[in-house]
Amino acid sequence: MNRKPKIAVVLSGCGVNDGAEIHEAVLTLLAIDRQGGQYQCFAPDMAQRDVIDHATGKSMAESRNVMVEAARIARGQIRDLAEFNPAEFDALVFPGGFGAAKTLTSFAVDGADCQVEPSVEKAVHGMHDMGKPIGALCIAPAILARVLGSVELTIGDDAGTASAIEEMGAKHRNAGHGEVVVDRAQRVATTPCYMLESTISQIADGAGNLVKAILDMVREESKAA
């Protein structure tokens, strides 16, 4: 591949308790850039399920837009996920944060019976149908379990969450700091990040290793072609 691989990164707002986990998102973008890729951030243009005061952990009586909030992380370079075209990208990555479990899906509320936001489901199916790699960090692998079903992945070692993941048809593997579970048949890579008690350095390890796994799959496919 003579050009830089293009990776779409789907954000779910801005902030761990109601949107994208900022450390995971930024360190994923950094890893993509440092490892020779290029990224474009996307988010659904919709209202957040809730808004949380991150200083107190309490709900706030206001409404915020997912894409507007995610634009803070993307420095304004954000696109509506409804416009996502899988043919334009080599891989797709979902950082974690409660936005992935509250807004991109209803996993935080409905568990194994969760629904997936339509533009998210369409993006995952589009990439998967084309055999392109998909990565997910922290709780975001729940999206892939719901959409793809029979896929091997990790959310760390939380038994209750792992059980819900397997109820959706996925196979869960326990993983530790910085570890990446790669399902080569489904072309999916996942890592626990803040699903484990972690330092920011450990998050950087996980994000970096996941991006490497994704780019390795992209480059392998390019060589095979």
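Scan the range 175-225 residue by residue and report those that are within 15 Å of E152 (Cα to Cα) and not aliphatic (A, V, I, L, M).
Matches in the range 175-225: E179, D183, R184, Q186, R187, T190, T191, P192.
Is there a residue in the range 26-39 that is within 17 Å of A101 (Cα to Cα), surrounded by 17 or more Cβ atoms within 10 Å (Cβ to Cβ) and in contact with a strand residue (DSSP E or B) (Cβ under 8 Å, 6 or more places away or on another chain)?
Among the residues of the range 26-39, not one is within 17 Å of A101 (Cα to Cα), surrounded by 17 or more Cβ atoms within 10 Å (Cβ to Cβ) and in contact with a strand residue (DSSP E or B) (Cβ under 8 Å, 6 or more places away or on another chain), which makes the answer no.
Quick check, is S119 of a type in the set (S, T, Y) and free of Cβ contacts under 8 Å to residues at least 60 places away in the same chain?
no
Could you count how many residues in the range 114-123 are assigned to a helix (DSSP H, G or I) and polar (S, T, N, Q)?
Qualifying residue count for the region: 1.
State whether the residues of the range 44-67 include one that is closer than 22 Å to K212 by Cα, crowded, with 18+ Cβ neighbours inside 10 Å and touching a helix residue (DSSP H, G or I) at 6+ places or on another chain (Cβ under 6 Å).
no
Could you tell me how many of the residues in the range 186-205 are surrounded by fewer than 20 Cβ atoms within 10 Å (Cβ to Cβ) and closer than 16 Å to L92 by Cα?
Total meeting the criteria: 1.
Can you confirm whether the range 80-91 contains a residue that is hydrophobic (A, V, I, L, M, F, W, C), closer than 14 Å to C14 by Cα, surrounded by 15 or more Cβ atoms within 10 Å (Cβ to Cβ) and in contact (Cβ under 8 Å) with a residue 12 or more places away in the chain?
No, that holds for no residue.
Filter the range 68-79 for residues that are of a type outside the set (S, T, N, Q) and loosely packed, with under 13 Cβ neighbours inside 10 Å and give the result.
R75, G76 - these are the residues of the range 68-79 that are of a type outside the set (S, T, N, Q) and loosely packed, with under 13 Cβ neighbours inside 10 Å.
What are the pairs with Cβ atoms under 8 angstrom where one residue, in the range 1-23, is among the small types (G, A, S) and the other, located anywhere, is assigned to a loop (DSSP other than H, G, I, E, B) and surrounded by fewer than 21 Cβ atoms within 10 Å (Cβ to Cβ)? Sequence gap at least six, or different chains.
Note: pairs meeting the criteria are G13/R64; G15/H54.
Going residue by residue through the range 98-105, is there one that turns out to be at pLDDT 95 or above, among the basic types (K, R) and either within 30 Å of R173 (Cβ to Cβ) or crowded, with 17+ Cβ neighbours inside 10 Å (or both)?
Yes, some residue in the range 98-105 is at pLDDT 95 or above, among the basic types (K, R) and either within 30 Å of R173 (Cβ to Cβ) or crowded, with 17+ Cβ neighbours inside 10 Å (or both).
Taking the range 1-16 as the search range and keeping residues that are surrounded by fewer than 21 Cβ atoms within 10 Å (Cβ to Cβ) and out of contact with any Lys or Arg (no Cβ under 9 Å at 6 or more places or on another chain), which one is nearest to C193 (Cα to Cα)?
V16
Of the residues that make up the range 27-43, is at least one modelled with pLDDT under 95 and within 23 Å of H125 (Cβ to Cβ)?
No, the range 27-43 contains no residue that is modelled with pLDDT under 95 and within 23 Å of H125 (Cβ to Cβ).
Looking at the structure I just gave you, is A112 under 23 Å from A159 (Cβ atoms), surrounded by fewer than 22 Cβ atoms within 10 Å (Cβ to Cβ), in contact with a helix residue (DSSP H, G or I) (Cβ under 7 Å, 6 or more places away or on another chain) and of a type outside the set (D, E)?
In short, yes.
Condition check ((1) modelled with pLDDT of 95 or more; (2) more than 23 Å from A31 (Cα to Cα); (3) surrounded by fewer than 20 Cβ atoms within 10 Å (Cβ to Cβ); (4) in contact with a Pro (Cβ under 6 Å, 6 or more places away or on another chain)) across all residues:
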| site | (1), (2), (3), (4) |
| --- | --- |
| K132 | yes, no, no, no |
| I139 | yes, no, no, no |
| I143 | yes, no, no, no |
| R146 | yes, yes, no, no |
| D157 | yes, yes, yes, no |
| G160 | yes, yes, yes, no |
| E166 | yes, yes, yes, no |
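The values are calculated or read from the model by the stated rules, or taken from the named source; none is laboratory data. Model, not experiment: these values are computed from the prediction. Heads up, the Cβs are rebuilt from the backbone with ideal geometry, glycines too, and the neighbour counts pull from every protein chain shown.
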